[in-house]
Amino acid sequence: MAYFVTVPQAAQLILNGDIVAVPTETVYGLAANGTNDLAVAKIYALKNRPVFNPLILHIATTEQAHQIAHMNTMALILANAFWPGPLTMVLPAQHNNNISKLACAGLSTIALRMPSHPVMHELLNCLKLPLASPSANPSEHISPTQSMHVIHNFGNQLPVIEGGPCAAGVESTIIDLTSNLPVILRHGPITQSQIENLIGPISHHITGEIKAPGQLLRHYAPNKPLRINASFVHNNEGLVAFGAPLQGAQMTINLSLSQNLQEAAANLFNALHLMDQSSVESIAVMPVPHQGIGAAINDRLKRAASSLATF
Ligand code: TXA
Ligand code: MG
């Protein structure tokens, strides 16, 4: 039996310094009191996450954002447009904030997000504390988009709040606003053009320097070999299709028969989880167009296909 808890029970556990798995509109997260080093340490241990990789702080109000980080003009414009919602902003931290240094990996910047999922919002409102919350998967593995995936990842000792399947299905867009030129560090549900419409041109992350330490090449990886842009399929392969499926696969899961990119994003991680649990030897994924949220889908697939473990 899974260990499901209500929002008030989860709030009490978090106040006691425990970790609870929570639903958000992007993926399920592991939530800890972001002001408590010991609670945050439990997250790093559970995920087997390198301590140099900072966590996103989740908040319920813009007042909290101002207390934690320096909200510059661009941040205010984007918060007004996209919060609550799947946008994370990296900002200069306020010197006197009470956020765990471990959660920020000792950096002078901080990643903030105000999630829109009603259950997560209720939890944040109830606690009035920032919650440090990474995706609820072991480091480098596929993010969970259903409570079942979380239980599969961590067993039934971990308390989980049920919140249904995640609507967006890929992690939040991350934008770095700490310099004059904003940079997208991670593609996600809020697209580059939606952001550029409000604050002008932004650049992609320049490779060479790791600005989002979690954006290492091998990430979001299933346990089986995965190849992308497949135009044919072997009979021992599982096919992740987009649109009319290629023929001949041992098993096929369609991200979206009608080629709807939102639907494909919402189905992506579940498809990879199901392929991992099936008897197929390897996974072939059909091409997905790079428009809109397709950029986020392709980013996750490219990392899932990489065999380069960086740590
Ligand atoms: O949608 C999401 O953002 C989900 C849900 C649970 O809210 N959370 C999530 O957290 O994806 P996580 O820990 O899996 O990914 C956070 C990313 C990592 O790549 C980390 O390196 C980056 O955010 N990050 C955190 N703080 C940062 C900072 N100060 N500067 C640059 N990157 C940062
Ligand atoms: Mg993650």
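Couple of notes before you dig in:
- Among the residues of segment 44-61, those identified as not aliphatic (A, V, I, L, M) and not in a loop (DSSP other than H, G, I, E, B) are Y44, K47, H58.
- Hey, P84 under 16 Å from the mean Cα position of the chain (by Cα), closer than 22 Å to L177 by Cβ and either more than 16 Å from ligand 2 (Cβ to nearest atom) or part of a helix (DSSP H, G or I) (or both) or not: yes
- Note on segment 139-169: among residues that are modelled with pLDDT of 95 or more, part of a loop (DSSP other than H, G, I, E, B) and out of contact with any strand residue (DSSP E or B) (no Cβ under 9 Å at 6 or more places or on another chain), the one that is farthest from ligand 2 (Cβ to nearest atom) is G164.
- Answer residue from segment 101-136, given it is assigned to a helix (DSSP H, G or I) and open to solvent by less than 10 Å² (accessible area, probe 1.4 Å) and is nearest to ligand 2 (Cβ to nearest atom) among those: M120
- In segment 62-81, the residues that are touching a helix residue (DSSP H, G or I) at 6+ places or on another chain (Cβ under 6 Å) and assigned to a loop (DSSP other than H, G, I, E, B): M71
- Single match in V40, V22 (criterion: in contact with a helix residue (DSSP H, G or I) (Cβ under 9 Å, 6 or more places away or on another chain), farther than 25 Å from S179 by Cα and within 16 Å of ligand 2 (Cβ to nearest atom)): V22
- Count of residues meeting criterion [open to solvent by 10 Å² or more (accessible area, probe 1.4 Å), assigned to a helix (DSSP H, G or I) and over 24 Å from Q250 (Cβ atoms)] in segment 277-297: 1
- P134 vs. criteria at pLDDT 95 or above and under 18 Å from the mean Cα position of the chain (by Cα): yes
- Qualifying residues in segment 16-39 (those that are among the β-branched types (V, I, T) and surrounded by 21 or more Cβ atoms within 10 Å (Cβ to Cβ)) - the one nearest to P115 (Cα to Cα): T24
- The number of residues in segment 170-198 being within 14 Å of ligand 2 (Cβ to nearest atom) and among the small types (G, A, S) comes to 2.
- Subset of segment 170-221 (residues that are part of a strand (DSSP E or B), at pLDDT below 90 and either surrounded by 13 or more Cβ atoms within 10 Å (Cβ to Cβ) or near ligand 1 (Cβ under 10 Å from one of its atoms) (or both)): A221
- The set of residues in segment 40-59 being open to solvent by 10 Å² or more (accessible area, probe 1.4 Å), over 16 Å from the mean Cα position of the chain (by Cα) and of a type in the set (A, V, I, L, M) consists of A41, A45, L46, V51.
- Selection status of T310, within 16 Å of ligand 2 (Cβ to nearest atom), assigned to a loop (DSSP other than H, G, I, E, B) and either at pLDDT below 95 or open to solvent by 10 Å² or more (accessible area, probe 1.4 Å) (or both): yes
The values are calculated or read from the model by the stated rules, or taken from the named source; none is laboratory data. The structure presented is a predicted model; accordingly, all values stated were derived computationally and were not measured. Note: ideal-geometry Cβ built from the backbone for every residue, glycine included; neighbour counts use all protein chains shown. What goes into the accessible areas is simple: the full protein's heavy atoms, side chains included, and nothing from ligands, DNA or RNA. Shrake-Rupley method; radii C 1.70, N 1.55, O 1.52, S 1.80 Å.
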